[in-house]
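> Take this structure first; my questions come after.
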Amino acid sequence: MQMVISRRALRDGLVAITVVGSMALGAAGCAGGDDDAPKEGGEFVAGTLLCGGVAVSTEAGKALEVITGSSRFEESDETSTVVHAAKELSEKFTSSATGDGDICTVFAEDAKQSDRLEVTWELTGGPPEGEPASKFRVLRMGERALAAPDAGVVQFACRNEKLLGSQPAHVDIGVERWSPGEPEGDPEKLTDAYATVAHSVSLAMAKELGCENNGGLEARPSLDPV
């Protein structure tokens, strides 16, 4: 049975996790249902063309290969882009300080229905709180970044009076693996890879939102532990 952290747990890095049981991914792997079949996609592209073509840097594209073992991925839908997600995030912030949504889903070529990466955004009420779970490495990116062999998240504060108002928006970008199997590969390399992908998407989102100083994110990821 695969343990998958919830979006909120991913954001906070808390010990709480969601155990996916018989009604979700674990059951699909055991029961051999449709989720166990190969994903039937359309065109396949390089990782750097996913999620709108600006979200995945060359470095992050290589990181996706480390995570999935593939250099080809199912092409993202037209609305599965950072541009679309940034617009949705901005609309949410005008009415509430919290909210969440999807950016894109990543399927490697020949991947099964149940084996994917979900890239998401979340508006939180403030800076990160709580102690990270032991599986996470804490990194110095934005307000806080966390990475593990199966997930990565970057939170940054976005100030942009024209788009988001006078108060900063606290934005989380998460990259999480959903799969009935355990991650394959060197845990350290996988952790670096998730951090790299999460940073790349976060930087693209910060730029699209017009965040002051790109939300405090540097051009390249910081992979050294705090």
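The values are calculated or read from the model by the stated rules, or taken from the named source; none is laboratory data. Since the structure is predicted, the reported quantities are computational estimates derived from the model, not experimental observations. Keep in mind that these areas ignore ligands, DNA and RNA; they rest on the heavy atoms of the full protein, side chains included. Shrake-Rupley method; radii C 1.70, N 1.55, O 1.52, S 1.80 Å.
> In region 57-128, what percent of the accessible surface is made up of carbon and sulfur (1.4 Å probe, ligands and nucleic acids excluded)?
Percent of accessible area from carbon and sulfur atoms in region 57-128: 41.
> Keeping every protein chain present and rolling a 1.4 Å probe, give me the accessible area per residue for region 71-218 in Å².
That works out to 45 Å² for each residue.
> A further question on this structure: Collect residues whose amide H, placed 1.01 Å from N in the peptide plane, falls under 5 Å from the amide H of Gly142; neighbours closer than 5 in sequence don't count.
So Gly142 has HN proximity to Glu218.
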